[in-house]
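The values are calculated or read from the model by the stated rules, or taken from the named source; none is laboratory data. Since the model is a prediction, treat every value here as computed from it, not as a measurement. Don't worry about glycine lacking a Cβ; one is built from the backbone with ideal geometry, like all the others, and counts go over all protein chains shown.
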Amino acid sequence: MLIHSKLPNIGTTIFTVMTALAETHKAINLAQGFPDFPSSPHLIELVNQYMRKGFNQYAPMPGLPLLRERIAEKISALYGIAVDPGTEITITAGGTQALFTAITAFIHPGDEVIILEPAYDSYRPAIELAGGTVKAYELSPPHYRPDWEQLKKLISMHTKMIIINTPHNPTGTILQHDDMLRLEQLLQGTDILVLSDEVYEHLVFDAQAHHSILRYPGLRERGIAVFSFGKTFHNTGWKIGYCVAPQPLNVEFRKVHQFNVFSVNTPIQYALAEFLSDPFEYLGLGTFYHHKRDFFLDVLENSPFRPLPCAGTYFLLCDYSAISDEPDADFARRLTAEYGVAAVPVSAFYNSQRDERLLRFCFAKQEQTLERAGERLSRIPLHA
């Protein structure tokens, strides 16, 4: 049978590859971005309760109304923005589904989409499946801050969307207030949409703030913001998130959403609606992960790895050039096989495979896990 692949250059994701390699070598998996500690027992009990009560059939296509009301309350409390839960919020099967749905809802063949690389690896395939063309703006270490005047040169009459991600995976960089103002100014008077990946919104450190597009009128009117409960409540396997967009954009988003997944896990939606009534459940996350970042930095202190700045997310980039001249993908595999710690090569986040001799480590782990990893990483000798 002759098969014409719609994604001929796409293989298995690097996250799957490195996790499989970690399992093969019984390595500590700091590659894929998931916690090794449990979700809230109270939240799990709530899910169980709603299952036993019989809330096991289809939820409404846009999501449970009460959950959308809770999200609107959360947005109002955090960002001072009034969002209509009926027309501007849609519950999704995770952040990635929301991103895919937004891209396929608005991108037509011939449209151009600007992404900032290194980038989460789902953006490009979704754009290509929709018939769009990716135009990549490459960020540079150690700070990975965009030069908006340089990015502006990528905009053409065919530009339909810009995708931003803050806090940023894989670099841990956050966009600042000035960045959002520059982007707002850049897009003024255009029909360009902004797809804002904000799944790590609560994971911001060092007394800094998360600058959501929802705070900026010129971005909100053209913006689709994507969030994740899985990242927030340590249950990435539940695959539940949500999208916030103005009504005209959300109407188009839901047209695709209803034929993609239609609706999302019902008992979990009920449980989250009740769980969100206590803001304490998410307001302390920044402090929680700030401590984990600092703990991981401490255990790396005697290692030959050089950490880069990390202002958000639960990822830390480390320079290994004092250890080896190997390409990052080769070194990541050897690190897993020989030293028992799995990480992700940062070149995998660039379409150009740009290699700065950097690895991404996930520190969403128990302290004993991070300590064991630090001990192993500290035994690696310096470059001969």
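Of the residues 353, 258, 269, which is polar (S, T, N, Q) and closer than 17 Å to residue 141 by Cβ?
353
Provide a single number: the residues in the range 324-381 that are in a loop (DSSP other than H, G, I, E, B) and either buried (at least 16 other Cβ atoms within 10 Å of the Cβ) or at negative phi (or both).
Total satisfying the criteria: 20.
Among 23, 73, which is acidic (Asp, Glu) and in the same structural domain as residue 264 (by TED's automatic domain parsing)?
73
Determine if the range 163-181 includes at least one residue that is in a helix (DSSP H, G or I) and touching a Pro at 6+ places or on another chain (Cβ under 8 Å).
Yes, the range 163-181 has at least one match.
One line per residue, one yes/no per condition, for (1) at pLDDT below 95; (2) under 27 Å from residue 126 (Cβ atoms); (3) in contact with a helix residue (DSSP H, G or I) (Cβ under 8 Å, 6 or more places away or on another chain); (4) hydroxyl-bearing (Ser, Thr, Tyr):
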site	(1), (2), (3), (4)
33	yes, yes, yes, no
63	no, yes, yes, no
66	no, no, yes, no
75	no, yes, yes, no
83	no, yes, yes, no
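Is it the case that the range 167-180 has a residue that's acidic (Asp, Glu), closer than 22 Å to residue 76 by Cβ and touching a residue at least 24 places away in the same chain (Cβ under 8 Å)?
The answer is no, given that none of the residues of the range 167-180 is acidic (Asp, Glu), closer than 22 Å to residue 76 by Cβ and touching a residue at least 24 places away in the same chain (Cβ under 8 Å).
Regarding the range 49-65, can at least one residue be identified that is under 30 Å from residue 368 (Cβ atoms) and not assigned by TED's automatic domain parsing to the domain that holds residue 217?
No.
Please go through (1) crowded, with 16+ Cβ neighbours inside 10 Å; (2) closer than 30 Å to residue 207 by Cα; (3) out of contact with any strand residue (DSSP E or B) (no Cβ under 6 Å at 6 or more places or on another chain); (4) touching a residue at least 60 places away in the same chain (Cβ under 8 Å) for residue 227 and return the number of the only condition it doesn't satisfy.
So residue 227 meets the others, but not (3).
For the range 212-223, which residues satisfy the criterion of being in contact (Cβ under 8 Å) with a residue 40 or more places away in the chain, in a loop (DSSP other than H, G, I, E, B) and either over 15 Å from the mean Cα position of the chain (by Cα) or surrounded by fewer than 23 Cβ atoms within 10 Å (Cβ to Cβ) (or both)?
Matches in the range 212-223: none.
Can you name every residue in the range 82-119 that is surrounded by fewer than 23 Cβ atoms within 10 Å (Cβ to Cβ), farther than 23 Å from residue 200 by Cα and of a type in the set (A, V, I, L, M, F, W, C)?
Within the range 82-119, 105, 106 qualify.
Among the residues of the range 28-77, which ones are within 30 Å of residue 335 (Cβ to Cβ) and exposed (fewer than 13 other Cβ atoms within 10 Å of the Cβ)?
Within the range 28-77, 37, 38 meet the criteria.
With the condition being closer than 17 Å to residue 86 by Cα, I'd like the helices (runs of 4 or more DSSP H) fully within the range 242-315 carrying at least 2 qualifying residues.
Correct list: 247-260, 266-275.
Name every residue in the range 156-205 that is surrounded by fewer than 24 Cβ atoms within 10 Å (Cβ to Cβ), among the small types (Gly, Ala, Ser) and under 21 Å from residue 245 (Cβ atoms), in order of residue number.
Result: 189, single match.
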